[in-house]
Amino acid sequence: MVASALGFTVMTTLIKFLGDDYPAALQTFYRQVAGFVILIPFIINRRGAAFATTRPGILLFRSAAGTLGMILSFYAFQKMPLADANALSFTRTLWLVPLAFFIVREPVGPMRIGAALVGFAGVLIMVRPGADGEFAIGWPAAAMLASSFLFALTITGMKVMTRDHSPMVLLVWSATLGLVFALPGALFVWRWPEPFDLFLLSVMGVVGTLTQGFYIKGMSIGDAGAMAPIDYIRLVFAAGAGFLLFNELPTIWTLMGAAVVVVSTLFITWREQQIARQARL
């Protein structure tokens with residue numbers, strides 16, 4: 001989980017560094033290319049089994065939502081301070097509460113609902129709508145919030161799909177369809193990268209894929225209630241990278257709002273673990 005947090009910080013730092021010359025849609029395409037290339041040996045080895053599915057519609061929806069979410073998050077990381085963008089990205093856990101009720105049909109009690117509402121209050125502290133007589137949220141923050149919602153949709157879809165699909169099959173479909181969906185947006189802003197930029201874009205894509213793998217591995221071998229808090233260390237990494245490389249300092253509003261969001265999402269994670277344990281008894 002620590003490796004995942006560090007890898008995520010490296011990826012977002014490269015996103016921001018390359019952002020002036022390579023728009024979010026183009027960076028997303030290179031990210032998907034790297035993810036697909038890494039999976040080619042598995043696809044060749046398993047052939048048809050790598051794409052075996054009985055629910056192509058959900059896979060198409062997940063990949064479309066995930067690709068759009070990635071473009072929006074890349075845009076936010078390019079335009080916002082790294083610490084601010086990372087803090088807003090954690091709101092995906094808050095979106096999972098209503099989605100679990102409406103889509104997965106999971107029971108949602110007053111404690112989880114209350115924690116989600118407190119978390120969204122933390123978001124309002126960070127974006128401060130109406131501050132200084134203006135709507136302070138801005139397009140980058142709105143993009144990150146929309147991205148978090150889309151990623152929550154993909155996580156919810158994954159919960160449904162894992163009932164009869166292996167994680168590797170889902171990863172293959174996600175990488176393949178993600179590459180297809182990312183291509184049209186990249187063509188609108190296409191430019192051939194310089195050799196060194198191509199190297200950095202490739203590193204960004206590979207690190208992004210490895211980060212996802214580290215996260216899945218950490219959550220699979222450790223208790224989710226214990227592992228999830230470790231992911232928040234990327235707030236520290238992001239603040240450090242932003243200060244050292246881009247001369248960014250998080251505002252007091254970001255720190256206060258992030259603290260509220262972190263506490264509420266940790267409570268939701270703990271509550272879900274308690275419910276899961278009770279169901280097993």
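Please report the base-10 log of the normalised intensity I(q)/I(0) for region 2-280, using a Debye sum with one equal scatterer per alpha carbon and no solvent, at each q in 0.10, 0.11, 0.12, 0.13 (1/Å).
-0.53, -0.64, -0.77, -0.91
Identify all lysines with a Cα-Cα distance to K79 below 20 Å; exclude those on the same chain that are fewer than 8 residues away in sequence.
Filter leaves K16.
Kyte-Doolittle cut-off 1.6, length cut-off 15 Å along the helix's own axis using Cα: show which whole DSSP H helices in the chain pass. If you can, show how the numbers build up before the last one.
Numbers: long enough: 2-18 (24 Å, 1.66); 24-46 (33 Å, 1.06); 56-79 (35 Å, 0.90); 92-102 (16 Å, 1.39); 110-127 (26 Å, 1.88); 138-161 (35 Å, 1.26); 167-188 (32 Å, 1.90); 195-221 (39 Å, 1.13); 233-246 (19 Å, 2.04); 252-280 (42 Å, 0.59).
What comes out of the filter, once short or polar helices are dropped, is 2-18, 110-127, 167-188, 233-246.
Enumerate the residues in region 14-58 having an amide nitrogen under 18 Å from the point lying 7 Å beyond the Cα of R163 toward its Cβ.
53-58
K217: which lysines have alpha carbons under 21 Å from its alpha carbon, excluding same-chain residues fewer than 8 sequence positions away?
Correct list for K217: K159.
If you build a Gaussian network model of the chain, linking Cα atoms that sit under 10 Å apart, which residue out of E106, E248, E194 swings the most?
Ranking E106, E248, E194 by mean-square fluctuation puts E194 first.
How far apart, in nm, are the 7 Å Cα→Cβ label points at T53 and A146?
Reported label-point gap for T53 and A146 is 2.4 nm.
Please compute the net charge surrounding L96, taking Lys and Arg as +1 and Asp and Glu as -1 over other residues with Cβ under 15 Å from its Cβ.
On the way: positive: R62, R92, R105, R112, K159, R271; negative: E106, D231, E272.
Net charge in that neighbourhood comes out at +3.
What does the charge count around T54 come to, taking other residues whose C-beta lies under 12 Å from its C-beta (Lys +1, Arg +1, Asp -1, Glu -1)?
Details: positive: R55, R163; negative: D164.
Residues close to T54 contribute a combined charge of +1.
Among G257, T211, T156, whose Cα lies farthest out toward the positive end of the dipole of region 2-280, if unit charges sit on the beta carbon of Lys, Arg (+1) and Asp, Glu (-1)?
T156
Using label points projected 7 Å from each Cα along Cα→Cβ, tell me how many nm separate I40 and L244, to one decimal.
Modelled inter-label distance: 3.4 nm.
Do you know the relative contact order of the chain, to the nearest whole percent, from alpha carbon pairs under 8 angstrom that are 6+ apart?
Numbers: 354 pairs, mean separation 115.5, N = 281.
Result for the chain is 41 percent.
Which value, in debye to the nearest 20, describes the size of the charge dipole of region 2-280 about its Cα centre when Lys and Arg Cβ atoms bear +1, Asp and Glu Cβ atoms bear -1, and nothing else is charged? Walk me through the intermediate numbers first.
Numbers: 19 positive and 13 negative charges, 212 e Å.
Approximately 1020 debye in magnitude.
Every number here is computed from the coordinates shown, using simple stated rules; none is lab data. None of these values were measured; they are calculated from a predicted model. FYI the Cβ positions are ideal-geometry reconstructions off the backbone, even for glycines, and counts take in every protein chain you see.
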